[in-house]
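The values are calculated or read from the model by the stated rules, or taken from the named source; none is laboratory data. From a predicted model like this one, the values you see are computed outputs, not experimental measurements. Here the Cβ positions follow ideal geometry from the backbone for every residue, glycine too, while neighbour counts run over all protein chains shown.
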Amino acid sequence: MSENIKDWEPCPRCKSNRIQKNSKLLYFFVFLIMGVILFFVGVVFITFPVIMAISLGFIFGSPLGFLIPVNYFCEDCKYSWRKSKN
């Protein structure tokens, strides 16, 4: 784990130490890549203007990925949670 020690907590369900932090940058890139892929699908199939509009929505909306809260994911029990504010 490359996180800071005070930014880490074990899984609340199974108490495992094998957790993964899903950062805001991950969500940004997922939205951006989805938009780019849909854009190229729309370019290849010119008759789909709806796909082009959706792709541009993903591309220009990708900065909104920074507004999604950080989630943690347990690799053992597949539980997902947000960090408690203690």
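Here are the numbers:
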| item | result |
| --- | --- |
| Qualifying residue in the stretch 62-83 (condition: in a loop (DSSP other than H, G, I, E, B) and touching an Asp or Glu at 6+ places or on another chain (Cβ under 7 Å)) | yes |
| Tabulated pairs, the stretch 25-45, first in contact (Cβ under 8 Å) with a residue 40 or more places away in the chain, second crowded, with 17+ Cβ neighbours inside 10 Å and part of a helix (DSSP H, G or I), C-beta under 7 angstrom, 6+ apart or interchain | Y27/G65 |
| First in the stretch 64-81 and more than 15 Å from F31 (Cα to Cα), second anywhere and part of a helix (DSSP H, G or I), Cβ under 7 Å, 6 or more apart | V70/K24 |
| Restricting the stretch 51-82 to residues that are within 15 Å of S16 (Cα to Cα) and either among the aromatic types (F, W, Y) or out of contact with any Ser or Thr (no Cβ under 8 Å at 6 or more places or on another chain) (or both), the residue that is surrounded by the most Cβ atoms within 10 Å (Cβ to Cβ) | Y72 |
| Sole residue being out of contact with any strand residue (DSSP E or B) (no Cβ under 8 Å at 6 or more places or on another chain), surrounded by 15 or more Cβ atoms within 10 Å (Cβ to Cβ), over 15 Å from E9 (Cβ atoms) and among the hydrophobic types (A, V, I, L, M, F, W, C), chosen from F31, F40 | F31 |
| Which numbered condition I46 misses (of (1) in a helix (DSSP H, G or I); (2) modelled with pLDDT under 85) | (1) |
